[in-house]
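A quick write-up on the structure given underneath.
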Amino acid sequence: SEYVSARDKRRAFVSGFTGSAGLALITKNEALLWTDGRYFLQAEQQLSDQWKLMRMGEDPSVDLWISTMQEIYGASGYFKESKSQKSKKHLGDLKLTEVSVSDKLEEFRAAKEHFRGLSFPTISSVGPNGAIIHYEPEAKTCAELDPDSMYLCDSGAQYLDGTTDITRTVHFGKPSEHEKRCYTAVLKGHFALGNARFPNGTTGHSLDVLARVPLWSYGLDYRHGTGPHSISFRPGLSIPLQASMTVTDEPGYYEDGKFGIRLENVLIIKEAATQFNFANKGYLEFEHITWAPYQTKLIDVSLLLPEEIKWVNAYHAKCREILAPYLNESEKAWLNQATEPIAA
């Protein structure tokens, strides 16, 4: 039974939370409590500022959270006493910052075959720094990761067999409704451009508007191009897009002093099999070759059209199919949770 005798109510004793279901986890640096939707409001009222509420179904499960911490800090260090004072000091000093996270990402990439270096300096930005479009963190002044702030990471690497470039924006806590609306508007623009079909002879400048319309509907916009080959609000070279060209699809939104949002996939232009072929022009479309989940808790599903929901679910299913063979069991568990289907 989830109802226990008074002498066994250890969770209530240490946390102050008296709900009948929940799990408290205390580490050297944090105190977290997981509970389900019945008790979100109660937990918010009863937990002190020293506790972080983990909402089941919205935040990472306790198993995934532990796995993530063990991946970052090492399986032996985060929850167990280290064997030496030196290890204890190292763990105490270790912080997740814009630079340390960027360095870890580079370390992962460098371990892969044919790695030759980064595509560009990683844009690793927390909260207000995310609003600086080409922000580059410095070790002495960079921000720490903050569960109450957005985190934007734009990164890539050079390999002998190709170049990568990807941007994802996430929130490690509970995003505001405004942040979710802004993220969803960017996602809708990302979807509109990435799934466009267009006749031969079309320039990138002609397509740029597709990524902006969802933002414009809220009176929002962004001050950079959406991709190479003149996919931009600025008229550039009038060279038409052609099959086999590689482009990126990267709309965004930046709120000065608060946060930045950008989503970016690499696309390849290919011939489209349309039902008709007006004036024998021939038509083109994009093929996505970037596979990394979008953070679903940042999506306001009520703002998505049915075809947009269908596309997100199909994209996430493809992420599972492509990525799962390269992951261990704990990573697969994270991937499965991150790519669960969304519904209106």
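Using the Karplus relation 6.51 cos²θ - 1.76 cosθ + 1.60 with θ = phi - 60°, the per-residue 3J(HN,Hα) values for the range 328-344 come to 7, 5, 5, 5, 5, 4, 4, 4, 4, 5, 5, 10, 4, x, 9, 8, 5 Hz, with x marking Gly and Pro. Say we join alpha carbon atoms closer than 10 Å with springs in a Gaussian network model of the chain; which of I309, I133, I322 then has the biggest fluctuation? Highest fluctuation of the listed residues: I322.
When only alpha carbons of the range 91-133 are considered, Rg and Dmax amount to 12.6, 35 Å. Pairs exceeding 26 Å between alpha-carbon atoms, taken from K112/K188; K52/K180; K281/K310: K112/K188; K281/K310. Using the Karplus relation 6.51 cos²θ - 1.76 cosθ + 1.60 with θ = phi - 60°, the per-residue 3J(HN,Hα) values for the range 219-225 come to x, 10, 6, 9, 9, 9, x Hz, with x marking Gly and Pro. Between L23 and K310, the distance separating the two model label sites (each 7 Å from Cα on the Cα→Cβ line) works out to 3.8 nm.
Determine the calculated [θ] at 222 nm for the chain from helices alone, applying -39500 (n - 2.57) to every DSSP H run no shorter than 4 residues and normalising by the residue count; nearest 500 deg cm²/dmol.
-9500 deg cm²/dmol
In this structure the amide hydrogen of A272, modeled in the peptide plane, comes within under 5 Å of the amide hydrogens of Y283, L284, E285, none closer than 5 places in sequence on its chain.
What number comes out for the charge environment of E250, summing +1 per Lys or Arg and -1 per Asp or Glu over other residues with Cβ under 10 Å away? Show your work: numbers first, answer last.
Working: positive: R262; negative: D154, D165, D249, E264.
The answer is -3.
Between rounded, prolate and oblate, where does the range 99-239 land on the alpha carbon gyration tensor, with a ≥ b ≥ c its root eigenvalues, rounded for a/c under 1.5, else prolate if a/b exceeds b/c? Oblate, because a/c is 1.5 or more while a/b does not exceed b/c.
Here the scattering of the chain is modelled by Debye summation over its C-alpha atoms, one equal scatterer each and no solvent; at q = 0.10, 0.15 Å⁻¹ the log10 of I(q)/I(0) is -0.70, -1.44.
Where a number appears in this text, it was derived from the coordinates with a stated rule and is not lab data. Note that this is a predicted model, so its numbers are computed, not measured. FYI the Cβ positions are ideal-geometry reconstructions off the backbone, even for glycines, and counts take in every protein chain you see.
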